[in-house]
1. Please work out if residue A:180 is more than 28 Å from residue B:70 (Cα to Cα) and either within 14 Å of another protein chain (Cβ to nearest Cβ) or surrounded by fewer than 16 Cβ atoms within 10 Å (Cβ to Cβ) (or both).
2. Given (1) under 20 Å from the mean Cα position of the chain (by Cα); (2) more than 8 Å from chain A (Cβ to nearest Cβ); (3) over 21 Å from residue A:138 (Cβ atoms); (4) of a type in the set (A, V, I, L, M), where does residue B:67 come up short, assuming only one miss?
3. Would you call residue B:100 of a type outside the set (D, E, K, R) and in contact with a Cys (Cβ under 9 Å, 6 or more places away or on another chain)?
4. Scan the range B:85-105 for residues that are within 7 Å of chain A (Cβ to nearest Cβ), buried (at least 23 other Cβ atoms within 10 Å of the Cβ) and touching a residue at least 40 places away in the same chain (Cβ under 8 Å) and report the count.
5. Among residues belonging to the range A:117-158 that are without any contact (Cβ under 8 Å) to a residue 24 or more places away in the chain and surrounded by 21 or more Cβ atoms within 10 Å (Cβ to Cβ), point out the one that is nearest to the chain's Cα centre (by Cα).
6. Could you list, in sequence order, all residues of the range B:108-131 that are crowded, with 16+ Cβ neighbours inside 10 Å and farther than 24 Å from residue B:26 by Cβ?
7. What are the residue pairs meeting all of these: first residue in the range A:47-70, first residue over 19 Å from residue A:91 (Cβ atoms), second residue surrounded by 12 or more Cβ atoms within 10 Å (Cβ to Cβ), Cβ atoms under 8 Å, and 6 or more apart or on different chains?
Amino acid sequence: MIDFTLIINRLPELLYATGVSLMLAAGALLIGSALGTFLAILETSPSQVARKTIRIYTTILRGTPMLIQIVFIYYIINNWLHFSAFWCALIAIGLNSSAYISQIIKAGIRSISYGQIEAAQTLGIPRKELLKRVILPQAIQTVLPALGNEAITLIKDTSLASMIGVAELFFAGKVIIAQTYDALSVYVIVACIYLTITISLSYALTLLESKLSYHATDKKSF
Amino acid sequence: MLQIKNLSKKFGSKTVLHNISCEIVSGSIGVFLGSSGTGKSTLLRIIAGLQEGDSGELLLNNHALSVQDVGMVFQHFNLFENLTVIENIIFGLHKGRTQMALSHAEQIAHDLLNRYGLKDFAHKFPDELSGGQKQRLALLRTIAQKPAVICFDEPTSALDPLLKTHVAQTLIELSQSGYIIVIATHDIQLVEQLPCIIFLMRDGAIVQSAVSQDFMAHPENYQEIKKFMYHS
């Protein structure tokens, strides 16, 4: 049976840990989006060296478990950098996410009709301006649902940070279970909190999708 | 005058343009006529600077043709889909080769939209326009740059017969304004409506050329063009 008294009593701890999970997810998403967009731009550039380097990066990060990447950064790289467990997890999840986001945005960029790029060439528009004003806005709008899925996956992946002692939601749940031996009640409330976050995020993304539609935006200025 | 001298182009081992030479004087229309795959679109892309020829020369008034001398209206218009009608024109003027001040670019864009009947669509997006309106916008975006040469790749392929007459009229007006108009097409109905120089292309080479009025008066003197126009 689910012990509601236990849930109510330990809720403040769980909500605090939820805040840690959200900060971890937000930070990792920020790193993942910024780096992923940069990698996608480089991967669609004419430079063969850049394309090959990024392919190796994404192959390694997508081909190995995130847990190993977190542990690798925490135990090996952190020997020199001396970051806290939170920062190690944030960096590891962010880097992992950048590999996936770069592939999503690359697909978005490739979906833009090549004719628009040629039209810009005949008008003498530099690639940087074309990316900023035409390609990325269209690409991101196209891949927003896929980016939303990646954000939702990333929120759930933050639970892996518990393996190096980050006091996020899943870790807090494990501590309460160790004290009360009531795994069912704790995991139910932890799952409900994750579900609430992911449902809210899905809703926010749907709103963002309609806001970002260029038909819905006001007249832009250059 | 636009001069093309001994222009050749290969893709791998396949020769797509073979020793093309021709001249089109200012204020006139040159039509590269031919079936699909004869190299006319490649020729246009080389003139517009989108591709390079392997050998040969392109001259405008006896100087090497530069990309800023040429504008291109594409077969599928290639409008910037996330920019409004007016932004499609402003973007090229403000951020493109001319680097024009924003206020000046806006004024030019407004003037062009007024003059060519697209004023009421200024804040619409390209996917809200008809085929004819899209083509007009693609043309305005190009002429806003004030090129000496305007290339049209299959300008009537996406349009209905009524609009083809409009396009022909616009092309004539543009040439009368002093532009050098270069067209790649297989549309004989369009060619019949234009006072132009016809260059018939086959297998990457010009097989025959004729001034359209001469051809209309004496088609028997231009057997190759006659065969393409009336028997293809």
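The values are calculated or read from the model by the stated rules, or taken from the named source; none is laboratory data. Not measured: the values here are computed from a predicted model. Note: ideal-geometry Cβ built from the backbone for every residue, glycine included; neighbour counts use all protein chains shown.
1. For residue A:180, the condition - more than 28 Å from residue B:70 (Cα to Cα) and either within 14 Å of another protein chain (Cβ to nearest Cβ) or surrounded by fewer than 16 Cβ atoms within 10 Å (Cβ to Cβ) (or both) - is met.
2. Failed condition: (2).
3. Values: of a type outside the set (D, E, K, R): yes; in contact with a Cys (Cβ under 9 Å, 6 or more places away or on another chain): no.
The answer is no for residue B:100.
4. Total satisfying the criteria: 2.
5. Here the residue is A:134.
6. Of everything in the range B:108-131, those that are crowded, with 16+ Cβ neighbours inside 10 Å and farther than 24 Å from residue B:26 by Cβ turn out to be B:109, B:113, B:118, B:121, B:122, B:124, B:125, B:126, B:129.
7. A:50/A:42; A:50/A:43; A:51/A:42; A:51/A:43; A:51/A:45; A:55/A:43
Let's see how each residue does on (1) surrounded by 13 or more Cβ atoms within 10 Å (Cβ to Cβ); (2) of a type in the set (Ser, Thr, Tyr); (3) over 16 Å from the mean Cα position of the chain (by Cα); (4) not in a strand (DSSP E or B):
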{"position": "B:182", "(1), (2), (3), (4)": "yes, no, no, no"}
{"position": "B:191", "(1), (2), (3), (4)": "yes, no, no, yes"}
{"position": "B:195", "(1), (2), (3), (4)": "yes, no, no, yes"}
{"position": "B:199", "(1), (2), (3), (4)": "yes, no, no, no"}
{"position": "B:206", "(1), (2), (3), (4)": "yes, no, yes, no"}
{"position": "B:213", "(1), (2), (3), (4)": "no, no, yes, yes"}
{"position": "B:224", "(1), (2), (3), (4)": "yes, no, yes, yes"}
{"position": "B:229", "(1), (2), (3), (4)": "yes, no, yes, yes"}
